[in-house]
Protein chains: 2
Amino acid sequence: MAKRTSAAGETAESMARRQRDISVSEFFLKNRHLLGFDSPRRALMTAVKEAVDNSLDACEEAGILPEIMVELEQTGDNRFRVTVADNGPGIVKAQIPKIFAKLLYGSKFHRLRMSRGQQGIGISAAGMYGQLTTGSATVIRSRTKGSAAAHQISVQIDTRQNKPTILSDVSVDWLPVFPSATADGKPGDPVSYKHGTSVAIEMEAAYVRGKLSVDEFLKQCAIVNPHLSLHYAVTLKKPAKGEAEGEAPSDSIRQSFHRAVKKLPPPAVEIMPHPHGVELGLLMQMLKDTESRTLRSALASDFSRISQQTALDICVAAKVDPKARPDKLGPGEIEAVYKTIQQTKLMRPPTDCLAPIGEEEILAGLKKEIDADFYTSVTRDPTVYRGNPFQIEVGMAYAKPQSDEELNNENPVRLLRFANRVPLLYMGGACAITKAMVGVNWKAYGLAQPKGSLPLGPVVVSVHMASVWVPFTSESKDAIANYPEIIQELTLALQECGRRLSINISRRKREAEAERKRGYIEKYIPHLATGLKDILSLPEKDKAKIESDLKKMLEKTHLEV
Amino acid sequence: MAKRTSAAGETAESMARRQRDISVSEFFLKNRHLLGFDSPRRALMTAVKEAVDNSLDACEEAGILPEIMVELEQTGDNRFRVTVADNGPGIVKAQIPKIFAKLLYGSKFHRLRMSRGQQGIGISAAGMYGQLTTGSATVIRSRTKGSAAAHQISVQIDTRQNKPTILSDVSVDWLPVFPSATADGKPGDPVSYKHGTSVAIEMEAAYVRGKLSVDEFLKQCAIVNPHLSLHYAVTLKKPAKGEAEGEAPSDSIRQSFHRAVKKLPPPAVEIMPHPHGVELGLLMQMLKDTESRTLRSALASDFSRISQQTALDICVAAKVDPKARPDKLGPGEIEAVYKTIQQTKLMRPPTDCLAPIGEEEILAGLKKEIDADFYTSVTRDPTVYRGNPFQIEVGMAYAKPQSDEELNNENPVRLLRFANRVPLLYMGGACAITKAMVGVNWKAYGLAQPKGSLPLGPVVVSVHMASVWVPFTSESKDAIANYPEIIQELTLALQECGRRLSINISRRKREAEAERKRGYIEKYIPHLATGLKDILSLPEKDKAKIESDLKKMLEKTHLEV
């Protein structure tokens, strides 16, 4: 590349000479904030998230109860090696380079089925970030279930061409051994598996504790994935930032989250696109690409909820020959079919493509997280945005304020956001979940709420969106886009929980009021008894009986408040 | 595609068979909200924006004063044909299909120089959206400067492969004739050019007026591009939404914005990357790709601000042979060079790659927009984020409240955001500009400001970021990412304008206070004069002289307040 300057005075010809392809890797390298790699701190969290998502998806697809190890090892002032290993089915050797060093490559993008990963970008992006900031390679080790040998491959990404460069490829003994931890954070028995995958990336990173940390991400992961066992180890060269001064520097952390249930979530089933979510241009494309030989059979086999009979009815109503070859239809004919489909009543899409967490599991998760005395949860029926089935779940926990001070010094409620069982930590302000929370009138349910803000109170709200395609606001998958259908479902679920909360809050207020009245009256019962005794000239011994009768009356009244 | 279901029980082998490439077109088709095509209303705005950006860039690069025509023609209940034509240098025929029907293709991505377009996505995305929603093709007509024939090409995008499909390609007479308008919106003389490009896309869209409309975008465009002449025409089948009831339905709009200056902005110069913004991995890549034969000459010729002498100094300090072949260096050697570069003092990047609007032009733009009695503007010196030069400009206009009611019933200030001379309308909440505005303590400058919100008052604030690479929060380019260096520069510029505003507000307050006092005293002057006359036993005729002397004293005092 020679030094060039360019000034006004270009021509169409001179401009044409500078037009060229931009590879998707180059694009995201320059725009790495879109992928969640804009700061060393967030980069660490994003890398762990992408690797853990992949491990969980792989284990569940193979029907294996997931056991995952996450290790953060400091290798320099602002450098870490991130290693994530799992007991999954392993990865076929030939696929490893592309899966870990090519953006937009994967198995999840082209199907309609709930999974954590969907784009085929994440883990390769983490490797690309490591390569950019440290010049290192991604090291993958994998042994497939039932195979004798394990392989270890080092790859980098050729960003000009968005394709993998293999640096080394050797056979190795599998059996990496993972540290585990006892309940009090001491080293436990080492853990090892017979098959699985581990990935290690060295990158510029910062380990910080708190709300946006790897610690918090993994903790929330364990909450929404009660079938997951997770071992977490951090080795620092010096104390982590945020460590209190004077405290003994903790140069290592060991923590194990053990699974609470031994059953995998029900497997999600892949579905065909629902006709009402397919736009005209996509219908044209699908009819061009179909393997079916007639329009009727294309409609019946490439879409969900269209039977052979419905397909025939659509063709007849659209005045298009049902036996016409789908790839030979004219634009007018396809538009007629499209309009007829829009006017045809069809069943909603099948929803076994979704695996919601479930009301009971949400309650169990909240109970692990917060010590409250009121819990509730709602799993709404599945519904559809732009043809994509989705489902909203909300859990809520309310801890009675312990003191007047606590009551008057209220903080915003704690909002936990999840999409397809993945915790969302960053970009809360841009998320449909936050927007729906702020949009609900929480004053009607007994919580204070500053205008345009989250409500206040000792409340934890946990919100989950399950979908075959979660519309994230950016490739880093941290916030859900504000589709009206999604906001509406979120609002309905939050309002339902709000109503239940409000009944609880009102009852508590009534109880507190009655308690206060009762306290007053109790104080006067002895005096009242003395008075009665004197007026009725009863013997001293009856005074005790009068007091106890009065107390009984009071208790009875109290119950009827 | 046959109906498939998949359940837990996958193996590494079965998973491998489903791994495949995802084309960047497929990716963005499914994620079109990332590109600004999530609603029919926003889609119309985004399409116009992308086409106008391209036209302006092309004209300026060719040194042509831009004249652009934007036409929105309703073709169905929720369909529009968007046509944008310019008097630019035209496009070489062979380049047209890729420029308009291939994502990630262009001339602006690989250079460091300020321009409106940067990604090579926008206009192809608009065409892809039109194709998806209406099945139509993008129609481009172009005649290059000095050529005899014009050509008209219809293209669609093959989303599976992210490449253009040419539907037709014919020679045509150029000379499209554009409607223009007189100052009162009546049809003016038709406009035509000898060369240029026009692009027409039919798409699902909604035309709505107001803050997030095409109208507003074009108006702001004219403000920040005073060298632009723009003709705008809308033809509706029925009245636009938001039209007041009872008003005569306006089935067409014609508006011309005429250029205020006949000079193009100074051309921006392309620069080489600044060494302090280059990360280790990128340095490795650059040394591998360089055309230079020695490390020393690679350093001197591929980076800005490294002279031959500095290059030699760096090699010596890093203990690496200056004559070493750059592509044969080991990772350790490159890391040593990298570390030495970080420790070497270098001049800041050259800043002629930026073309700021300028303080006077900002004032002129604000004066066109708002009738205020105080205006100010600041153009900060250029600085750098991650090696990329950028520059912040702020303009501010304050209209004195006309009544107490107006003063007490204050609205948030009106914030206009711009990046590389392009108005940003959507996603204000996610933008660094909004964040910096909210972060400044406006109470110190005399404006009310609710906690965590924009200040209140009859103020218009216009903020511009110019950069060789604007880090947008998504591909739709509506909001600037929150890099700390950018927030800091924005804050400093806003504070400078705030200080000036506060001086103006305080002076006004003092003046109002003095005015009030003077009113009081004036009321008592006649009584004072009568009193003095009586005490001093002066004749009646002297009373008038006393009154006028007292008034003179008062005025003098007032001036000294």
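The values are calculated or read from the model by the stated rules, or taken from the named source; none is laboratory data. A quick note: this is a predicted structure, and the numbers were derived from the prediction, not measured. Here the Cβ is made from the backbone with ideal geometry for all residues, glycine too, and neighbour counts use every protein chain on show. Surface areas here come from the heavy atoms of the whole protein model, side chains and all, with no ligands, DNA or RNA. Shrake-Rupley method; radii C 1.70, N 1.55, O 1.52, S 1.80 Å.
Relative to the Cα centre, the charge distribution of the stretch B:127-231, modelled as +1 at Lys and Arg Cβ and -1 at Asp and Glu Cβ, gives a dipole magnitude of about 240 debye.
Inter-chain Cβ neighbour count for A:55-65, averaged per residue, equals 3 (cutoff 10 Å, partner chain atoms only).
Counting only protein heavy atoms and using a 1.4 Å probe, the accessible area of A:Ser297 comes to about 30 Å². Note on the protein assembly as shown: Kirkwood hydrodynamic radius from all Cα pairs is 33.8 Å, rounded to one decimal. Roughly what % of Cα-Cα distances in the stretch A:118-195 sit above 19 Å, to the whole percent? I get 55 percent for the Cα pairs in the stretch A:118-195 exceeding 19 Å.
Converting phi to 3J(HN,Hα) with the Karplus coefficients 6.51, -1.76 and 1.60 and the offset θ = phi - 60°, the stretch A:337-345 yields 4, 4, 5, 5, 4, 4, 8, 8, 6 Hz in sequence order, with x at every glycine or proline. For trypsin sites (Lys or Arg not before Pro), the sites in the stretch A:339-383 that DSSP calls loop and that have at most 10 other Cβ atoms within 10 Å are A:Lys345.
Each other copy places its own label point for B:Met347 at 7.4 nm from this one, sorted shortest first, where the point lies 7 Å along the Cα-to-beta carbon line.
Quick check: net charge around A:Ile201, other residues with Cβ under 12 Å of its Cβ, Lys/Arg +1 and Asp/Glu -1? Value of the local net charge: -3.
Between the alpha-carbon centres of the stretch B:371-400 and the stretch B:438-453 there is a gap of 18 Å.
Note on the stretch A:1-93: with neighbouring protein chains present and a 1.4 Å probe, carbon and sulfur make up 48 percent of its accessible heavy-atom surface. Using every pair of separate Cα atoms, the Kirkwood estimate puts the hydrodynamic radius of the stretch A:99-152 at 12.9 angstrom. For the stretch B:211-351, the share of accessible area belonging to carbon and sulfur comes to 53 percent (1.4 Å probe, ligands and nucleic acids excluded). For the stretch A:244-340, run through the GluC sites (Glu not before Pro) and keep only the ones in DSSP coil with at most 10 other Cβ atoms within 10 Å of their Cβ. Qualifying residues, ordered by number: A:Glu245, A:Glu247. At 4 °C and a viscosity of 1.567 mPa s, what translational diffusion coefficient does Stokes-Einstein give for the stretch A:49-102, taking Rh as the Kirkwood radius over Cα pairs? Give it in µm²/s as a whole number. Here the translational diffusion coefficient equals 104 µm²/s. Taking the label point 7 Å along Cα→Cβ, A:Ala148 and its counterparts in the other copies are spaced 7.5 nm apart, in ascending order.
Taking the C-alpha atoms only, the angle from helix B:214-224 to the longest principal axis of chain B is near 80 degrees. Here the alpha carbons of the stretch A:265-420 define both size measures, Rg and Dmax, at 23.5, 76 Å.
Ignoring ligands, DNA and RNA, how much accessible area is buried between chains B and A, both sides summed, with a 1.4 Å probe, to the nearest 100 Å²?
Buried: approximately 7900 Å² between A and B.
Every Cα-Cα pair of chain B was included, and the share exceeding 39 Å stands at 44 percent. For the segment A:276-282, counting C-beta atoms of other chains within 10 Å of every residue's C-beta and taking the mean gives 5. In a simple Cβ point-charge model (Lys, Arg +1; Asp, Glu -1; nothing else charged), the protein assembly as shown has a dipole of about 740 debye relative to its Cα centre. For B:Ser453, the shell of other residues with beta-carbons less than 15 Å away shows a net charge of +4, using +1 for Lys and Arg and -1 for Asp and Glu.
What is the percent of Cα-Cα separations in the stretch A:436-496 that go past 14 Å?
62
Computed on chain B, with alpha-carbon pairs under 8 angstrom and 6+ residues apart, the relative contact order is 12 percent. Values of log10 I(q)/I(0) for the stretch B:468-537 across q = 0.20, 0.21, 0.29 Å⁻¹ run -0.90, -0.93, -1.13, by the Debye formula with one identical scatterer at each alpha carbon and no solvent.
Inter-part distance, the stretch A:336-366 to the stretch B:93-107, computed on C-alpha centroids, equals 39 Å. For the pair the stretch B:28-73 / the stretch A:467-535, the C-alpha centres are spaced 50 Å from each other.
How well do other chains shield peptide B:143-149, expressed as the mean number of their Cβ atoms within 10 Å of each residue Cβ? Could you put the intermediate results ahead of the total?
On the way: counts 1, 5, 3, 3, 2, 0, 0.
If you average over the peptide's residues, the count of other-chain Cβ atoms is 2.
Max-minus-min Cα coordinates of the stretch A:402-561 on each principal axis give 86, 28, 24 Å, with the largest extent listed first.
Per residue, the protein assembly as shown exposes an accessible area of 44 Å² to a 1.4 Å probe, with every protein chain left in place. From largest to smallest, what semi-axes in whole angstrom does the stretch A:135-246 give when each is the square root of 5 times an eigenvalue of its alpha carbon gyration tensor? Over the Cα atoms of the stretch A:135-246, the semi-axes work out to 29, 22, 14 Å. Stretching the chain fully between B:Val177 and B:Arg325 yields a gain of 47.4 nm (0.36 nm per residue, less the alpha carbon separation). Each Lys or Arg adds one and each Asp or Glu subtracts one; over the other residues with Cβ under 10 Å from the Cβ of B:Asp373, this totals +1. Here is how far apart the B:Pro450 label points are across copies: 1.0 nm, shortest first, using a point 7 Å from Cα toward Cβ.
What number do you get for the stretch A:152-207 when its Cα radius of gyration is normalised by 2.2 N^0.38 Å, N = residues?
That works out to 1.61 for the stretch A:152-207.
If only the Cβ of Lys and Arg carry +1 and only the Cβ of Asp and Glu carry -1, the dipole of chain A around its Cα centre is close to 780 debye.
Take the residue pairs B:Lys263/B:Lys435; A:Lys477/B:Lys30; B:Lys443/B:Lys509; B:Lys108/B:Lys477; B:Lys367/B:Lys400; A:Lys98/A:Lys145 and return only those whose Cα atoms are more than 23 Å apart. With Cα atoms farther than 23 Å apart: B:Lys263/B:Lys435.
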